[in-house]
Amino acid sequence: MTTADSTKTPPTSPLPPFPIVLRIKRQDRPDAAPYWQTFSVPYRPNMNVTSVLQQIQSNPVTANGEKTSPVNYDAACLEEVCGSCTMIINGKVQQACSVLIDPLRAKCGNAPPPPIIIEPMSKFPVIRDLIVDRTRMFENLKRIKGWLPIDGYYHRGPGPKVDPQTQDELYDMSRCMTCGCCLEACPQFTKANTFVGAQIFSQVKYFNLHPTGQADADERLEAIMGEGGITDCGNAQNCVKVCPKDIPLLDSIGWSGRAATIHSIKKFFSK
């Protein structure tokens, strides 16, 4: 062996070809009781959870060899943009398209890896299997008028200028994909209450900072000052830890709280 050859990094040894085992929490109907099924899929490198679910869907047979119905799940963009494939994977809420199998197996070395536990989000009603109803998130966006107001579709020329610092802030918040991770991790957000959660506070800041969105700024602040609004936030800070887009949600919560307080003071003295 030459000196040049001896300095080369040895190739990484491939992972053992143990099958990929998924233990999935299933539910046939919204009013049905949940149950668990285990599936085994032949290992291939560079798979993600979505591709494993696709394999199961093409051949819905349990690890015990029993035929069953295909596992239902949401998927659209397959590149962590739409947020539809959000589910709980090994106890953490995240996107099935961005969770890779190889890093999970690498932790086990040459030992057989344990089953990957897949569950639907628990803070939203289950429609079937891993599909949940996120309507509440979109209704809350309506509640705060999560859009820029216009008075027609005719050409009005260039919009108002936005300084670079504000553009950077707006970009961070614009990356929200309404996936529900922040709400799943929030102890204040439950099926039994009306709390809107960090996603909405971030969108209030986003639209109220925008020069055009400021036309409805007071209405948005009024919306988060009501039931289920900013005063219901317990500042657990779980939301920012699980956000797949690293949106500064704590900044948005603090900004929304201050803006709501200033608005209420102005409203009091304007009477």
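Per-residue ellipticity at 222 nm from helix content only, as computed over the chain with -39500 (n - 2.57) for each DSSP H run of at least four residues, stands at -9500 deg cm²/dmol. Across segment 181-187, computed HN-Hα scalar couplings (Karplus, 6.51 cos²θ - 1.76 cosθ + 1.60, θ = phi - 60°) run 4, 4, 7, 4, 7, 7, x Hz from first to last residue, x flagging Gly and Pro. Apply the a/c threshold of 1.5 to the C-alpha gyration tensor of segment 134-270 and tell me whether it is rounded, prolate or oblate. Taking the square roots of the gyration eigenvalues as a ≥ b ≥ c, segment 134-270 is prolate. Of the residues Tyr43, Ile24, Pro112, the one whose Cα sits farthest towards the positive end of the charge dipole of segment 10-131 is Pro112 (charges of +1 on Lys and Arg Cβ, -1 on Asp and Glu Cβ, taken about the Cα centre).
Helix 249-269 and the longest principal axis of the C-alpha atoms of the chain enclose an angle of approximately 20°. In the full protein context, the chain carries 56 Å² of accessible surface per residue, based on a 1.4 Å probe and ignoring ligands, DNA and RNA. When Rg and Dmax are taken over the Cα atoms of segment 10-131, they come to 14.5, 55 Å. Each label point was placed 7 Å from the Cα along the Cα-to-Cβ direction; for Asp246 and Thr212 their separation is 2.9 nm. The largest accessible area among Tyr43, Tyr154 belongs to the first residue in Tyr154, Tyr43, and the rest follow in falling order (1.4 Å probe, all chains). Shown for the chain: the carbon plus sulfur share of the solvent-accessible area, taken with all protein chains present and a 1.4 angstrom probe, equals 54%. Note on Val61 and Thr194: with the Förster distance fixed at 35 Å, the Cβ-Cβ geometry gives a FRET efficiency of about 0.25.
In this simple spin-label approximation, Glu222 and His155 carry label points 7 Å from Cα along the Cα→Cβ vector, and these lie 3.7 nm apart. Amide H contacts for Arg26 (H built 1.01 Å from N in the peptide plane; partners 5 or more residues away or on another chain; cut-off under 5 Å): Tyr35, Trp36, Gln37. Helix 198-209 versus the longest principal axis of the chain: what is the Cα-based angle in degrees, 0 to 90, to the nearest 10? Helix 198-209 and the main axis of the chain meet at about 50 degrees. Full extension of the segment from Lys271 to Asp133, taken as 0.36 nm per residue of separation minus the current Cα-Cα distance, would add 45.5 nm.
Using the basic label-point model (7 angstrom from Cα toward the beta carbon), what is the Arg44 to Asn235 distance in nanometres? In this crude spin-label approximation the distance works out to 5.0 nm. Straight-line reach from Lys92: taking Cα to Cα under 20 Å and skipping same-chain neighbours fewer than 8 places apart, the aspartates and glutamates in range are Asp74, Glu79, Glu80, Asp102, Glu119, Asp129, Asp133, Glu184, Asp246. Full extension of the chain between Gln54 and Asp28 gives 7.5 nm of extra length, using 0.36 nm per residue less the Cα-Cα distance. Loop-located GluC sites (Glu not before Pro) in segment 205-252 (DSSP state not H, G, I, E or B) with no more than 12 neighbouring Cβ atoms inside 10 Å: Glu227. Close lysine pairs were tallied over segment 168-271: pairs 8 or more places apart or on different chains with Cα atoms under 27 Å apart number 8. At full extension, Ser122 and Leu100 could sit 5.7 nm farther apart than now, given 0.36 nm per residue minus the alpha carbon distance.
The values are calculated or read from the model by the stated rules, or taken from the named source; none is laboratory data. This one's a predicted model, so the numbers in the text were calculated from it and none came from an experiment. Neighbour counts run over all protein chains shown; Cβ positions are idealised from the backbone, glycine included. Heads up: the accessible areas ignore ligands, DNA and RNA and are worked out on the full protein's heavy atoms, side chains in. Shrake-Rupley method; radii C 1.70, N 1.55, O 1.52, S 1.80 Å.
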